[in-house]
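I have placed the structure first, in the form of structure tokens, so that the comments after it can refer back to it.
Taken together, the values in this text are just the output of simple stated rules run on the coordinates, not laboratory data. None of the values given here were measured: they were computed from a predicted structure. Cβ placement follows ideal geometry from the backbone for every residue including glycine, while neighbour counts extend to all protein chains displayed.
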Amino acid sequence: GVAETIITPDFMRDLGLTSLDEVFKFVPNTGTDDPQLGTTAGNSSLFSSVAYTSRGFSVASAQRDFLPTTAPADIYNTERISFTRGPNAILYGLGNPGGISNAVSQRANLNRPSYELDLKLDSNSGFRTSANANFPLIKNKLGLRLARLDDDRGSHFKPDENLHRRTYAALRFQPWKKTIIDATFED
């Protein structure tokens, strides 16, 4: 069998987690690596957004929708994050004997509109705003999801520049009952 942990946005919201590196603290047999030390994984660190260890192996490939990515996973545009541990993890995308993490991007919903606005402030003058909206353009055929993130973690060190601005769009088209075409964009 495969040891797998699924982290949902509800779980992340309940604990105040927003990014993949914060989620690692709650995944069994997993911890963050020090990027200054390099990686012992067989994968290129070119595709790494967060290096981590799983079951004692260094893992340098974070994935989004089973493709290597340098964009860090964030709750503002993620449906779920899965962690597969052990040698069977190599069955899914670019693998590693220690395991693999995969963030699944949000998809447009073809049936119902939804809107979400999130605001967080902290004592270090940090702020985080995210907005997410889903629009069914043609019911059961075409949908659009838009998301925006402005995140400044703030710090007691001044001046502090740690601003992240990201925009995400997902389009889903279902021309026939068994055919779905998804397109996503992130800047």
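Distances between placed amide hydrogens fall under 5 Å for G99 paired with G86, all partners being 5 or more residues away or on another chain.
Each peptide in 3-9, 19-25 was scored by the mean count of other Cβ atoms within 10 Å over its residues; highest first, the order is 19-25, 3-9.
Local charge for R166 was computed over the other residues whose Cβ lies under 12 Å away, with Lys and Arg +1 and Asp and Glu -1, and equals -2.
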